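The values are calculated or read from the model by the stated rules, or taken from the named source; none is laboratory data. Not measured: the values here are computed from a predicted model. Here Cβ is always computed from backbone atoms with ideal geometry, including for glycine, and neighbour counts include all displayed protein chains.
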Amino acid sequence: MAHIGTLFIISSPSGAGKSSLIKALLERPSADGRLQVSVSHTTRPMRPGEVDGVHYHFVDKAQFEQLIARGAFYEWAEVFGNYYGTSREWIDAQLAQGIDILLDIDWQGARQIREQSPSAKSIFILPPSREELERRLNARQQDSAEVIRGRMAKAVSEMSHYDEYDYLLVNDSFEHALNQLSAIIEAERANTGKQAARYQDLLSRLLAE
Ligand code: GDP
Ligand code: ADP
Ligand code: 5GP
């Protein structure tokens, strides 16, 4: 199936602001259904305020393993002791319709996606400092002190993969990072090959003898 939409991979150490940036991006009027975020499957417990099917599809380990066996995932990885995976079918259907898809996945998943979809564009988000990363993890008030310690300990090794990505953003001013993210997505939408597929009819009318 031809893919008119683009697959955008977004990674960062936990707490750098990916989820907030993605949410703000989807709320912009310009997103207007042309941009969707993929809802991953996970085996981690639901956090307060999370909704099954919205933030994640929450499944147990046995269900997750069945989905792996069935080939349902584009990629999957174990992150912080839980399984996370991206479902293939839904994404392919969206891309074929010209809808851009955002994947909030870690660097291991990003590698697997790049191998399968070389045209995917990847964006890495850095925090402005280690201190600010820790402050944001605490400010979110969603994880225990022990979980936050684990995420801080993993942050450096995650950030070391920044150079595998096409774009690198620093989420200091939220508005600035949001504008940059939006600009990357808009520029990719205007790619000639993708626009030609999207505007086949217009082009044939404009170019008719
Ligand atoms: P957050 O980092 O605090 O937003 O925590 P989450 O629990 O939402 O995400 C945990 C980690 O799993 C992050 O590094 C995500 O990028 C990663 N992740 C989420 N969904 C997927 C997925 O479908 N595939 C892969 N490979 N990683 C994912
Ligand atoms: P991630 O999805 O990368 O784990 P979140 O989007 O949950 O990160 O952000 C972590 C916390 O930092 C949240 O409380 C969020 O409101 C806050 N935050 C995100 N971006 C900024 C920013 N530019 N300045 C200050 N706080 C921010
Ligand atoms: P959290 O438990 O805080 O929701 O997510 C922890 C990490 O798992 C985040 O860094 C997030 O990007 C990653 N993650 C979430 N979903 C997936 C997924 O489907 N695949 C992979 N590989 N990582 C994921």
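Of (1) within 13 Å of ligand 2 (Cβ to nearest atom); (2) touching a residue at least 60 places away in the same chain (Cβ under 8 Å); (3) aromatic (F, W, Y), Y56 satisfies all except one. Which?
(2)
Assigned to a helix (DSSP H, G or I), within 12 Å of ligand 2 (Cβ to nearest atom), within 13 Å of the chain's Cα centre (by Cα) and more than 20 Å from E78 (Cβ to Cβ): is that true of L26 in this structure?
When the stated conditions are applied, L26 does not pass them.
Quickly run through region 111-151 and pick out the residues that are among the basic types (K, R), without any contact (Cβ under 8 Å) to a residue 40 or more places away in the chain and more than 11 Å from ligand 2 (Cβ to nearest atom).
Matches in region 111-151: R130, R149.
For Q200, state whether it is free of Cβ contacts under 8 Å to residues at least 60 places away in the same chain and surrounded by 13 or more Cβ atoms within 10 Å (Cβ to Cβ).
no
Can you say whether L169 is surrounded by 11 or more Cβ atoms within 10 Å (Cβ to Cβ) and assigned to a helix (DSSP H, G or I), as far as the supplied structure shows?
Against the criterion (surrounded by 11 or more Cβ atoms within 10 Å (Cβ to Cβ) and assigned to a helix (DSSP H, G or I)), L169 does not qualify.
Can you name every residue in region 180-209 that is of a type in the set (S, T, N, Q), closer than 17 Å to R34 by Cα and in a helix (DSSP H, G or I)?
S182, Q195
Out of S129, S87, I need the residue that is modelled with pLDDT of 95 or more, more than 21 Å from I184 (Cα to Cα) and of a type in the set (G, A, S). Which one?
S129
So the check is Cβ under 6 Å with 6+ separation or different chains; which pairs have a first residue in region 17-39 that's over 20 Å from Q97 (Cβ atoms) and a second one that's of a type in the set (A, V, I, L, M, F, W, C) and more than 16 Å from ligand 1 (Cβ to nearest atom)?
L21/L178; A24/L178
For region 81-110, which positions are within 16 Å of ligand 2 (Cβ to nearest atom) and either closer than 22 Å to D32 by Cβ or touching a residue at least 60 places away in the same chain (Cβ under 8 Å) (or both)?
L102, L103, D104, I105, D106, W107, G109, A110
Here's a check for you: in region 157-169, which residue that is within 15 Å of ligand 2 (Cβ to nearest atom) and out of contact with any helix residue (DSSP H, G or I) (no Cβ under 7 Å at 6 or more places or on another chain) is nearest to V79 (Cα to Cα)?
M159
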